[in-house]
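The values are calculated or read from the model by the stated rules, or taken from the named source; none is laboratory data. As the structure is a prediction and not an experimental result, all values here were calculated from the model. Cβ placement follows ideal geometry from the backbone for every residue including glycine, while neighbour counts extend to all protein chains displayed. The protein model used for the area step is the full one, side chains on, heavy atoms only, and it has no ligands, DNA or RNA in it. Shrake-Rupley method; radii C 1.70, N 1.55, O 1.52, S 1.80 Å.
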Amino acid sequence: MIAYKELPKVPRVHGDIEGVFVGMKLASRGETAALGLHCSMLSGIDSLKGDACYAVCASGGYSSNEYAKNGSFWYTGAGGQKGRRQVHDQDENADNQSLLLSVRRGTPVHVLRGFYIGRNRKMYHYEGLFKCTKYEYVPSTDVPMVYRFHLVPIPGKVVLLEKRRRDNR
């Protein structure tokens, strides 16, 4: 993260990023930001107000996420959580608005998956480019309403994490 703060900012893009390859494993959110892959350090959604979403990072923070065998998945929007439980309805905050714009515009979204290696060490896997095809506003597993966005892999632009493939057979 120190290097990210000192390096010149890499512009965010909605497609392929030079020097970043699908399947890449990254040691920290600082590395994802330094590459321009996911520039938000704390949020799972990388967005700029008024623009379509650039990236999402699925790390198991929302119990409403669902995964399919074809690699597509439902990603839960941002907001309304306290202590890993959904306690308030989500609203159209800037992050959720960026994903709504991605649905309308059809812009590709970078997808990263966070996973633990050991007790406290988290790694990130760049799965590739996905299209956000639709959304729904539904009750979460904890009852308050959440936005869920359907992300579908773009053929030739993804490499899914092996563990996820095995788990969904």
> For the chain, which whole-number percentage of the solvent-accessible area (1.4 Å probe, protein heavy atoms only) is attributable to carbon and sulfur atoms?
Replying inline: 54
>> How far apart, in nanometres, would the label points at residue 94 and residue 48 be if each is projected 7 angstrom from Cα along the Cα-to-Cβ direction?
In response: 1.1
> Can you pull the semi-axes for the chain, root of five times each eigenvalue of the Cα gyration tensor, sorted largest first, whole Å?
Replying inline: 23, 18, 17
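How high is the FRET efficiency from residue 69 to residue 16, r the C-beta distance, R0 41 Å, rounded to 0.05? It would help to have the intermediate numbers written out before the result.
Values: r = 26 Å, r/R0 = 0.63.
For residue 69 and residue 16, the calculated efficiency is 0.95.
Loop by DSSP (not H, G, I, E, B), at most 16 other beta-carbon atoms within 10 Å: where is the longest site-free stretch of the chain for GluC sites (Glu not before Pro)? Walk me through the numbers before you get to the answer.
On the way: sites that count: 18, 92.
It works out to 93-169.
Taking the Cα centre of the range 1-143 as the origin, how large is its charge dipole in debye, to the nearest 20, when only Lys and Arg (+1) and Asp and Glu (-1) carry charge on their Cβ atoms? Present the calculation step by step, with values, prior to reporting the outcome.
Numbers: 18 positive and 14 negative charges, 80 e Å.
Here the range 1-143 has a charge dipole of around 380 debye.
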> What pairs from 49/157; 69/134; 82/131; 25/82; 49/122; 131/157 go past 21 Å between their alpha carbons?
Replying inline: 49/157; 82/131; 25/82; 49/122
>> Quick check: from the Cα gyration tensor, does the range 5-89 come out rounded (a/c under 1.5), prolate or oblate?
In response: prolate
> What's the extension gain from residue 27 to residue 159 if we count 0.36 nm per residue and subtract their Cα-Cα distance?
Replying inline: 45.7 nm
> Roughly how much of residue 105 is accessible, in Å² to the nearest 10, using a 1.4 Å probe?
Replying inline: 130
> Largest first, how would 17, 117 line up by accessible area (1.4 Å probe)?
Replying inline: 117, 17
